[in-house]
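Visitor: Structure below; questions to follow.
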Amino acid sequence: ETLKCPEQGDRIMMQQPKYLNLTAENFKSEVIESSKPVLVDFWAAWCGPCRMVGPIVEELASEFDGIAKIAKVDVDAEPELAGGLGIQSIPTLLFFRDGKVVDAVVGAQPKKVLADKLSALVPVESRN
């Protein structure tokens, strides 16, 4: 997909995000049934700390592309999904392996903390 910049007439390639947007409809197939570890970021547009974590999650999506799934859930759009998983504060990041929550982080964290937790879930043979 390309966009035109009216001022310059340039064509800009739009990159598709490497993370998934989860809904109640695709959560089971994308997370519970995933053969890869999954990091799920529960966020909302009005949440300041979520806006700090968002770019980190997007970087992790590129770095772990092919070896882990990175996904986001907008808690305002999917309140039942968030509530069903016991999300009470945002940002909350849940780490899934084999369909089960194996780790969780509440609040903004440095990228290294999240990357280390995700790396620990990736099978050794999948790592670079």
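Visitor: At 1.4 Å probe size, with the rest of the protein present, what percent of the exposed accessible area of segment 36-128 is carbon and sulfur atoms?
Guide: After summing per-atom areas, the C and S share lands at 53 percent.
Visitor: Going Cα to Cα from Lys112, which lysines come in below 24 Å? Please leave out same-chain ones fewer than 8 positions away.
Guide: Correct list for Lys112: Lys18, Lys36, Lys69, Lys72, Lys100.
Visitor: What is the extension gain from Ala115 to Asp65, computed as 0.36 nm multiplied by their sequence separation minus the C-alpha to C-alpha distance, in nm to one decimal?
Guide: 16.7 nm
Visitor: What's the extension gain from Asp98 to Ile32 if we count 0.36 nm per residue and subtract their Cα-Cα distance?
Guide: Result: 23.1 nm gained on full extension.
Visitor: Kirkwood hydrodynamic radius (Cα pairs, Å) of segment 65-106?
Guide: Taking every pair of different Cα atoms in segment 65-106, averaging 1/r and inverting gives 11.3 Å.
The values are calculated or read from the model by the stated rules, or taken from the named source; none is laboratory data. Quick caveat: nothing in here was measured; it's all calculated off a predicted structure. SASA here: full protein model, heavy atoms, side chains in, ligands and nucleic acids out. Shrake-Rupley method; radii C 1.70, N 1.55, O 1.52, S 1.80 Å.
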